[in-house]
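We did not get these values from a lab; they are worked out from the coordinates using the rules stated. Just so it is clear, the model here is predicted, and its values are computed rather than measured. Note that each Cβ is placed from the backbone with ideal geometry, even for glycine, and that neighbours are counted across all protein chains shown.
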Amino acid sequence: MEKKEAEEQEPGQVVNPWTVSAKGGGKIDYDKLIDQFGCQRLDQSLIDRVERLTSRPPHVFLRRGVFFAHRDFNEILDAYERGDKFYLYTGRGPSSEALHLGHLIPFMFTKYLQDTFKVPLVIQLTDDEKCMWRNLSVEESQRLARENAKDIIACGFDITKTFIFSDFDYVGGAFYKNMVRVAKCVTYNKVVGIFGFSGEDHIGKVSFPPVQAVPSFPSSFPHLFNGKDHLRCLIPCAIDQDPYFRMTRDVAPRIGYHKPALIESSFFPALQGETGKMSASDPNSAIYVTDSGKDIKNKINRYAFSGGQDSIEKHRQLGANLEVDIPIKYLSFFLDDDLELENIKKEYGAGRMLTGEVKKRLIEVLTELVERHRQARAAVTDEMVDAFMAVRPLPSMFS
């Protein structure tokens, strides 16, 4: 069973593209989410297969279960093994001036996929969505889209294989034709069931889902994929975006396309605890790519929820609770060295390492990551943004 409606979710746990909250303010139950959404857990055999097919070590986000669920990822690997081509599609809803670390995760992973499989990529900037949901003006949404594009480009994508587009700029022509094809296949009751819209939501919200659906169809990009209408598409995204693509996968065969495949991540927790995901509306819940080293140190030391005990003596005796410790969770995302991470977890869990020492190491890791990103972003010019967003053939799409 692939399709589940919004009202069937676990009572008290809400996960959709606009709201992520757990029952009783606790942790998201990802096992229940997999069951409710009807996707599959990404098991070790698939991760091993990626390594075998690509002759590259699996990304840290695969090794550590950050990307934990999928739809038809095995079919993408089947196609790759046969020598068939596919492309990647991911996106960003530009609602803030700068990205936080949680926003970076899908782009870091998508870059790994592009580099590893040597495939083209389309990146959608849903400035229209944020205009409707966040009550931003059209002009402000467009401005934020370009600012966010600079952060995305700074992740290191290959310009010869990457097309970034803003909905306000690009929607029309073949893209719009596919939107209409999708819209004709989705009833009002169905879209309300999937997304939980109410009678108080404006019609722009109800009409938006086809806009996010159709980048998964290659004919939406005739300048890239002309004559390749049966290319498969793989979408790396956080699992809160799944409702859009459950709808898309239901419609795709009815209008002559492959169902898009997905590989889905868990949420990057807020500094205050693992009760959902970082929020751009609370600056103290998140580390931003614009934060200084001093900002990062202050936020980690003041706000990062610790699983350590409330006294040194008690901590030495009982050790830390790694299940709730945010510094350990952040290191699990961003510390590349598996042996170092395991050693930290072992020593901290046994009480031989103190919270302050773990936070110090995390501050070092995040400061280096953010500074590297800041330098890369400073090198991104408006002309580079224009080049990534130009409607042009990509000369080495599949080389």
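Would you mind ranking 363, 105, 263, 255 so that the residue whose beta carbon has the fewest other beta carbons within 10 Å leads the list?
Lowest count first: 255, 363, 105, 263.
Sorting 133, 18 on the 10 Å Cβ count, fewest up front, what's the list?
The fewest-first ordering by Cβ neighbours comes to 18, 133.
Rounded to the nearest 500, what is the chain's calculated 222 nm mean residue ellipticity when only DSSP H runs of at least 4 contribute -39500 (n - 2.57) each, over all residues? Numbers along the way, then the final one.
Numbers: 20 runs with 193 residues, N = 399.
For the chain, the value works out to -14000 deg cm²/dmol.
Top mean-square fluctuation among 290, 381, 367, Gaussian network model of the chain, C-alpha springs under 10 Å?
Between 290, 381, 367, it is 381 that shows the largest mean-square fluctuation.
Among 64, 82, 249, rank each residue by its count of other Cβ atoms within 10 Å, from fewest to most, as a rough exposure measure. Mind dumping the intermediate values first?
On the way: 64 15, 82 7, 249 23.
So the residues, fewest neighbours to most, are 82, 64, 249.
Work through the residues other than residue 131 whose Cβ is under 12 Å from its Cβ and net out their charges, Lys, Arg +1 and Asp, Glu -1.
With Lys, Arg at +1 and Asp, Glu at -1, the neighbours total -2.
Among DSSP beta bridges lying fully in segment 6-272, give the percent that are antiparallel, nearest 5.
30 percent
Of the candidates 58, 283, 106, which one comes out as most mobile in a Gaussian network treatment of the chain with C-alpha springs shorter than 10 Å?
In the Gaussian network model the winner is 283.
Whole-Hz Karplus ³J(HN,Hα) for segment 231-248, in order, using 6.51 cos²θ - 1.76 cosθ + 1.60 and θ = phi - 60°, x for Gly and Pro?
For segment 231-248, the Karplus curve yields 4, 7, 10, 10, 10, x, 7, 6, 5, 5, 8, 4, x, 4, 8, 5, 4, 4 Hz.
Of 21, 332, 45, which is the most mobile in a GNM of the chain whose springs link Cα atoms less than 10 angstrom apart?
Judging by the Gaussian network model, the answer is 45.
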